[in-house]
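Below: the structure, in structure tokens.
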Amino acid sequence: MAFPLLTFWLLAATAVVSAVLVITRRNPVHSAIFLIITLLSLALLYLQLSAEFLAAVQIILYIGGIMVLFLFVIMLVRLDIVTYQAPFNRQWHVAGLAALILLAEFALVFYRSRTLPTVAEAPPTILQPNTEQIGVTLFQNYLLPFEIASLLLLVAMVGAVLMARRR
Amino acid sequence: MAGPENNFGVETTVLGAEEIILNMGPQHPSTHGVLRVKLRLDGEKVVGSECIIGYLHRGVEKIGENRTYPQFAPYVDRTDYVAAVSNGLGYCEAVEKLLGVEAPPRARWVRTILTELQRIASHLLWLGTHALDIGAITPLFYTFREREEILKIYEKYCGARLTTHAFRIGGLQYETYDGFEQDVKEFCRDFNHRVDEYEELLTNNRIWVERTRNIGVLTGEQCIALGVSGPILRGSGVRWDIRKAFPYAAYKEFEFDIPIGHTGDTYDRYRVRLEEMRQSRRIILQAVESIPEGPILARVGKVIKPPPGEVYHSIEAPKGELGYYLVSDGTTQPYRLRIRPPSFVNLQALDAMIKGHLVADVVAIIGTIDIVLGEVDR
Amino acid sequence: MSKALEAVMSYVPQSLQPFVLPTIQILIVFAGLSLLVAYLVYAERKILAHLQVRLGPMRVGPHGLLQPIADGLKLLLKEDIIPRGADKFLFWLAPIISVMAAFTGFALIPFANNFMITDVNVGLLFILGISSLGIYGIILGGWASNSHYPLLGALRSTAQLVSYEVALGFAIVSALLLGGTLSLRGIVEAQLEQGVWFAFVQPVAFFILFVAAIAETNRNPFDLPEAESELVAGFHTEYSGFRFSLYFLAEYTAMTLVSAIAVTLFLGGWLRPFPSVAWLDFLKYTPVALLLFAAYWCIVHGFRLPKGREWRWQRLILLALGGGAALLGAVLAIPAVADAVQGVFWFLLKVSLFLYAFIWFRGTFPRYRFDQLMRLGWHFMIPVAIANTIFCGAALVLWKKLEWSFVGTMWIGTLLTLLFALLLARERAD
């Protein structure tokens, strides 16, 4: 089947290229748009993996929620100055170090996975609609961690509101 | 959203820490003409304002000094051009007062009918545009439907619809046409239901109430201090109407009530104007039933040459007290002519009304003052 | 039908065969929708005009019936203006995003039992996601114009859309709780099973969905982003010609989309009224009756037109329309055809009722102030929606565990929500 492979490569290429464009564009709005495109191609990749729920949530939360707020903030703060400043001009050392470490990690993973046994093809029944299973997993098997996570978010939200109130 | 960087207005200047100046107009759809309002904003809140007027200044008062008394009469039609008949009445009566004559009863009756029709027409126009400013698009078409009937009566009477020049010094130029009474009665017959229709659309509408309640509040004292008159003054609870206080034309003969508001907000002014339309209808009905027979023009002579002296005469125009101050030096032209336009004086209340409100309310408040820039700038 | 399809299929390579039927359906939906939207604009102008004692478009074709086509041509032929200093790429992209988001949502709408492009088991979530993409059309369009009024309009619009999406989401949750599935088709089938449209057991959710839908599509009384008296035309102030028409198309398509969602979730989608009552089966001939009535009207009015050359074309078109309607009615009277189209018919009928309400509101209501709009959303709609979701869930548990009557338990939940809303409203008033 050439078609799924074709779409995979197309989406993967889009994701990578626009991810690069996110950090190379000078205009923050353009960067945000390329980030959206990256997220969108990831969502479509999820879809190709039959992770429909994950894809939908990726679109609703990241693209429909978070990125909108990103753009909102970008448009509200003054940008003409930022556009002319060279970004990251004082963090070359830290950034270089972090990138090196990351590179090493990736190399390690790739090196290791070479010797790992290939994963067997999943039986098609597993790839049936799995939204319900996600619900069961989250709300029955892992209820406590899930609730703790949501509480954490709530705390963050309350904190943000408090800080905004105090100015 | 506040901040000097985000100058969303046409032209903004940084003032203090968070204050910006936003220019509204003169080319703004909701300033009802070429009014320019400079708003000082703290975020979206208005902390101060300044009206810049004069974009429509034509020097009407100065023109008056170079025209004979009858020649000037058409000019007053063009001050408050949506209430031309009222202007004409005020001017003609002022000159008559200067001359020391009184229009014959028949003329006074017809003048009252036409002027009250004009009040209704002016209020209808106000209601339609005010509602349009607040986002209700339909009332405009309803009010224009009724206004059209009034304008048709004018057209039949004197040939003009807007700048009518309906009256002459000393009375009327034209006798009423055949069927005038019938037309007026027909208009009055349906009119109360029509007002009910507008009320159905707006009065109890939650959104309308929320947009107008406690918006642009003026107390009675503030109104008096600012010289505000007309429906705005009555909306603030002051029972003052020149038709009752210094009756002119034929108002002494008719029964009518003066509606007043309580809180002095935009909603009260809306209610007052609607009730005024109903009262006008009442006056018209009484007048049209009892038009006396007789001449329509007093003896004023071919050339109007008032004796030296000065006179101030004011009437209750749809928008408030409309006064004419005339100084005569005994020639055919006034030595000095001064118009006290209600819109101009009422506009001074804008600053007091919009302080502390949001930018979106400014539109509603300009609408509630009911200004006509032709009259403000003259 | 299926044989013809197989014949077509045999010409298509094996690997592309799964795409043939969806492509045809997409083409039908796209073309039909474009036409529908064009005539929705016409309907809006006409209905508003009649609400406002005017005639509306009357010049192009009989009763202005060709007006949308003339408008479309005019917009196509207009000069394409890009303001100086605008971000050209985004200026170009923004309206396309809007249109795409609005149209893509229809891929998941079940128009009828026998006509839907696709049925995904997370259909509802996808529609939410796609509709949230539409925000970018607005915010990018406002920003790319490089002008103050569009930017302010876009910011307002985005804030409004994001706020009301929360209430919309909660209203949708109660529908999917009742349906027990995220598939839109499944939700409609659940309504058939329960024997009641969900609007009648979850009126609060239905109401919230409706209000939020109006806010989501920036329609009166929530049309602040385009408040003419304050912000000129909002985010699309700088747009003209074909780009503007894309925004226009997107707005009306989005209106149709939210109506379609509301119909699917709460008004039984393609089901006819009382789908489980057999003796009402004759209702499947309703389209025939409507068409015959339309034909009668067209023909009578065609003959009533004044005599004379200048009316000849009008008469001809009216008579042709009448004849066409009669013919179509006759075709639909064949029982097999009637069965085939009745799902689509009922669906479209319900959607058009919604659309009528949208237009009606525009003619009736004043506009909210921005802070009032936000306060209404956050302080009233969202709490009530949350309460409704909680009570709805509780009622579902009662129904499942205690086996009480479905409608009864749901109404207990609804009454509790209404009580909560009442208390909230009273507190707000104080």
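Readers should treat all values here as calculations from the given coordinates under stated rules, not as data from a laboratory. Keep in mind the model is a prediction, meaning the values are calculated, not measured. For neighbour counting, all protein chains shown are included, and Cβ atoms are generated from backbone atoms with ideal geometry for every residue, glycine included.
Hey, what angle do you get for helix B:105-133 against the long axis of chain B, alpha-carbon based, 0 to 90 degrees rounded to 10? Approximately 20 degrees, to the nearest 10. Put simply, the protein assembly as shown fits an ellipsoid with semi-axes of 62, 36, 27 Å; these come from the alpha carbon gyration tensor as the roots of five times its eigenvalues, largest first. Kirkwood-type hydrodynamic radius, segment C:144-205: 13.9 Å, calculated from all non-identical alpha-carbon pairs. The lysine pair count for chain B, using Cα distances under 23 Å and pairs eight or more places apart or on different chains, is 17. Note on chain B: GNM, Cα springs under 10 Å; of B:LYS302, B:LYS62, B:LYS45, the largest mean-square fluctuation is that of B:LYS302. The label-point distance for C:TRP279 and C:ILE24, in a model that sets each label 7 Å from Cα toward Cβ, rounds to 4.0 nm. Available extension along the chain between C:ALA357 and C:TRP313 is 12.5 nm, counting 0.36 nm per residue and deducting the alpha carbon span.
The lysines within cross-link reach of C:LYS88, meaning a Cα-to-Cα straight distance under 24 Å and a gap of 8 or more places when in the same chain, are C:LYS74, C:LYS78.
A straight line joining the Cα centroids of segment B:102-175 and segment B:343-372 runs 25 Å.
Near C:PHE361, once Lys and Arg are set to +1 and Asp and Glu to -1 for all other residues with Cβ below 12 Å from its Cβ, the sum equals +1. For the options C:LEU33, C:LEU21, C:LEU55, a Gaussian network treatment of chain C with springs between C-alpha atoms closer than 10 Å singles out C:LEU21 as fluctuating the most. Taking 45 Å as R0, compute the FRET efficiency from the Cβ-Cβ separation of C:LEU415 and B:GLU155 and round it to 0.05. Approximately 0.15, to the nearest 0.05. Estimated from helical segments only, the mean residue ellipticity of the protein assembly as shown at 222 nm is -20000 deg cm²/dmol, where each DSSP H run of four or more residues counts as -39500 (n - 2.57). Sequence-distant contacts, meaning Cα pairs under 8 Å at least 6 residues apart, place the relative contact order of segment B:89-187 at 31 percent.
Only helices reaching 20 angstrom along their own axis (Cα) with mean Kyte-Doolittle hydropathy no lower than 1.0 count here, and for the DSSP H runs of chain C these are C:20-51, C:88-104, C:123-144, C:148-179, C:241-266, C:286-304, C:312-332, C:335-364, C:382-402, C:406-429. Annotation: amide H-H contacts under 5 Å for B:ARG36 (H modelled 1.01 Å from N, sequence separation of 5 or more, or interchain): B:ILE52.
Taking the C-alpha atoms only, the angle from helix B:266-289 to the longest principal axis of chain B is near 10 degrees. Compared with the direct C-alpha span, the chain from A:GLU147 to A:ALA160 gains 2.7 nm at full extension, assuming 0.36 nm per residue.
Compared with the dominant Cα axis of chain B, that is its longest principal axis, helix B:84-99 is turned about 50°. Residues within the reach of a label modelled at B:VAL209 (point 7 angstrom out along Cα to beta-carbon, backbone nitrogen below 20 Å), restricted to segment B:272-301, are B:272-275. Averaging the Cα positions of each part gives two centres, and for segment C:257-310 and segment C:324-361 these lie 5 Å apart. Per-residue mean of foreign Cβ neighbours for C:134-146 is 3 (Cβ atoms of other chains, 10 Å radius).
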